[in-house]
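No lab work stands behind these numbers, since they all come straight from the coordinates. None of the values given here were measured: they were computed from a predicted structure. Every residue, glycine among them, receives a Cβ derived from its backbone with ideal geometry; neighbour counts consider all protein chains shown.
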Amino acid sequence: MSPEKELNGLDNYGYIDVDGNTHHTNTLKKNGNRVPKEKANKMLYLVTDRPPWYLCILLGTQHYLTAVGGIIAIPLLLSREICLQHDYITQSQLISTIFFVSGICTLLQVLFGVRLPIIQGGTFAFLTPTLAMLSLPKFKCPEWTFNKTMVNTSDPIFIEVWQTRLREIQGAIMVAACFQIVVGFSGLIGLLMRFIGPLTIAPTISLIGLALFDSAGNDAGAHWGISGMTTSLIVIFSQYLRDVPVPLPAYSRSKKCHINWMNIFQMFPVLLGIVVSWIICFLLTQFNVFPGDPNVYGYYARTDIKSDVIIRASWFRFPYPGQWGLPTVSLAGTFGILAGVISSMIESVGDYHACARLCGAPLPPKDAINRGIGIEGIGCLVAGAWGTGNGTTSYSENVGALGITKVGSRIVILTSGLLMICMGMFVKVGAIFSTIPQPVIGGMLMVMFGVITAAGISNLQFVDMNSSRNVVIFGFSLFAGMVIPNWVNKHPDSIQTGVLPVDQVIQVLLTTNMFVGGFWGFFLDNTIPGTEKERGIVSWKQTLFDDGDKVASESDCYNLPFGIGTRCCTGAWRRYIPFCPNTKPHHEERMEGNTEVHKETPF
């Protein structure tokens with residue numbers, strides 16, 4: 001039901017409900033949720049609202065398209081490291097699989113996790129340690145796999161080469177995911193966050209982007225003109241044209257056919273940048289502007305290199321667990337991925353609070369955060385089992401989209417999750433995305449990795465950077481996170497303990513930039529004397545952990561679906577379980593004389 005139908009009148013002092021009773025308060029009761037008036041006025045639909053079905057499909061498609069850029073970049077970037085750079089059919093299957101799994105994880109998170117409208121998708125936090133693991137001598141691709149003429153994609157030897165590496169990644173992600181599940185559902189995330197502040201977060205997140213500069217450079221260097229054009233278009237769309245509305249035809253029952261002005265450049269800058277560059281590459285290929293010799297500069301900007309992929313790819317394929325074989329586990333891979341898991345958890349906690357603010361919900365209580373992190377761990381377990389080559393996490397891009405669309409309904413995100421599952425089963429869609437020219441991907445990655453780096457550095461806004469203590473900690477942590485992995489990569493035989501598994505664990509950890517930088521930031525920040533205000537702990541935790549428990553206890557938006565915790569599982573034992581909602585059952589509220597009976601919705 002829309003806000004206009006729920007409220008008959010609204011003034012500066014309160015609101016008049018449908019029964020004519022005046023309430024002098026600074027909050028509104030919307031679908032059983034107590035929400036500040038200023039948030040209710042801004043949002044078109046709140047968390048528990050249900051927009052019309054056609055609007056759910058349109059808005060869900062928008063969220064799907066917003067996440068496309070980040071989701072497809074991961075398998076395309078990973079495929080080169082697992083020797084799949086010339087197997088375009090398998091690349092399309094990887095893209096379809098990651099879309100399928102992202103849809104499943106989104107449904108799990110919205111239904112049983114933090115219950116906020118937040119998309120789940122692949123994460124670059126897992127990519128850095130994965131590349132570090134693949135840099136071990138036994139996982140380096142054979143020289144012949146780099147020569148397209150020598151690669152037979154149906155050869156069992158070639159299939160075993162890439163599947164061996166992918167199964168190793170799967171096993172590491174699944175074991176590391178178990179750690180995240182325990183941390184989330186046990187409530188340990190709160191204990192972990194006590195010792196982690198901005199000076200740990202800043203170098204850790206920044207090094208995710210900085211560590212991947214070489215991969216972005218390799219793709220962009222295939223044709224600097226095309227990659228530069230892609231980067232420029234994304235910047236122009238997202239920054240210069242973000243406030244420029246575009247007239248689009250629309251239809252509604254009240255206005256009939258009319259023109260609707262939308263800021264599409266602000267909503268889809270990455271997607272528009274890729275599509276425009278892709279079309280230009282297609283035209284230049286048709287006019288033979290790019291060379292036809294693979295050994296000549298500019299060849300990989302052609303769009304006909306993978307022209308047969310769309311034809312050869314099957315229409316329908318159902319991804320399933322273990323589709324690449326039985327996952328294998330090694331200590332080296334597991335410890336490396338753990339660094340990515342910890343980084344992802346910390347980032348997700350910030351995303352939950354940002355999402356709550358943008359969609360008009362009260363700040364999430366501790367039980368909702370615990371469930372959210374635990375469900376993300378289950379999502380990573382699912383991603384590992386299905387073989388995406390990556391884990392899943394909350395997507396900051398889609399959190400930002402909530403503030404643009406003013407639609408915070410979780411039904412919209414559920415619709416988007418279903419769309420991703422459907423698209424993941426149509427391999428043709430993945431095949432189309434796999435044909436994006438290499439320099440176009442490189443141009444996109446330059447912007448995305450730059451934004452990730454800046455997002456990490458932005459955590460320093462809470463820290464007193466006039467303090468020499470903080471300057472030393474951040475500067476050394478960031479620099480060490482670049483220097484030490486670079487040296488170890490150049491001297492892989494320098495680590496000799498006499499025990500091969502131990503050597504591999506140490507090598508993976510020391511070549512994972514975000515682990516090295518995060519470790520030094522964590523160690524120095526917790527050992528060098530400094531006040532909490534100086535360290536930025538006070539302002540940072542006030543931003544993330546404003547105690548929303550009291551407000552959230554008055555809201556149904558964090559309650560579990562299908563009556564869990566309200567009509568069933570309502571015993572007193574729930575208070576001892578960190579991930580159970582702490583709200584009172586509705587029948588208890590009625591017995592206490594609460595005149596405002598909350599509405600229960602199955603979603």
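Please state the relative contact order of region 253-408 as a whole percent: Cα pairs under 8 Å, 6+ residues apart?
Worked out over region 253-408, it gives 20 percent.
How are the C-alpha pair distances of region 271-397 spread across 10 Å bins, as whole percents from the shortest bin up?
So the P(r) values, bin by bin, are 10, 23, 21, 27, 15, 3.
Tell me whether region 123-248 comes out rounded, prolate or oblate; compute the Cα gyration tensor, take square roots of the eigenvalues as a ≥ b ≥ c, and use a/c under 1.5 as the rounded threshold.
Here region 123-248 falls in the oblate category.
How far is it, in nm, from the label point at residue 57 to the one at residue 534 when both lie 7 Å from their Cα along the line to the Cβ?
Each label point is offset 7 Å from its Cα along the Cβ direction, giving 6.1 nm.
Ranking request for peptides 174-181, 186-193: highest mean number of other beta-carbon atoms within 10 Å first, then the rest in descending order.
Taking the mean over residues of other Cβ atoms within 10 Å, the ranking is 174-181, 186-193.
So what J values fall out for region 222-233 if you push phi through Karplus, 6.51 cos²θ - 1.76 cosθ + 1.60 with θ = phi - 60°, rounded to Hz, Gly and Pro as x?
5, 6, 5, x, 5, 5, x, 5, 4, 4, 4, 4
Given the options 423, 339, 380, identify the residue whose Cα lies farthest towards the positive end of the charge dipole of region 296-436 (+1 on Cβ of Lys, Arg; -1 on Cβ of Asp, Glu).
423
Mind listing P(r) for region 264-306? All alpha-carbon pairs, 10 Å bins, whole percents.
29, 41, 22, 8
Quickly work out the residue 542-to-residue 304 label distance, labels modelled 7 Å from Cα along the C-beta direction, and quote it in nm with one decimal.
6.3
Semi-axes of the equivalent ellipsoid of region 488-535: what are they in whole Å, largest first, if each equals the square root of 5 times a C-alpha gyration tensor eigenvalue?
Semi-axes (√(5λ), whole Å): 31, 11, 8.
Taking amide H atoms as placed 1.01 Å from N in the peptide plane, list the residues 5 or more away in sequence, or in a different chain, whose amide H sits under 5 Å from that of residue 260.
Here the answer is 248, 250, since their amide H atoms fall under 5 Å of that of residue 260.
State, to one decimal in nm², a quarter of the convex hull surface area for the C-alpha atoms of region 187-237, i.e. the direction-averaged projected area.
That works out to 5.7 nm², a quarter of the Cα hull's surface.
Give a residue-ordered list of calculated ³J(HN,Hα) values for region 524-531 (Karplus: 6.51 cos²θ - 1.76 cosθ + 1.60, θ = phi - 60°; whole Hz; x for Gly, Pro).
Listing the rounded values in order: 5, 5, 9, 10, 6, x, x, 6 Hz.
Please report Rg over Rh for region 441-493, where both radii come from the alpha carbon positions and Rh follows the Kirkwood definition.
When Rh is taken as the Kirkwood radius, the ratio is 1.11.
For a distance above 21 Å, tell me the whole-number percent of Cα pairs in region 421-543 that qualify.
61
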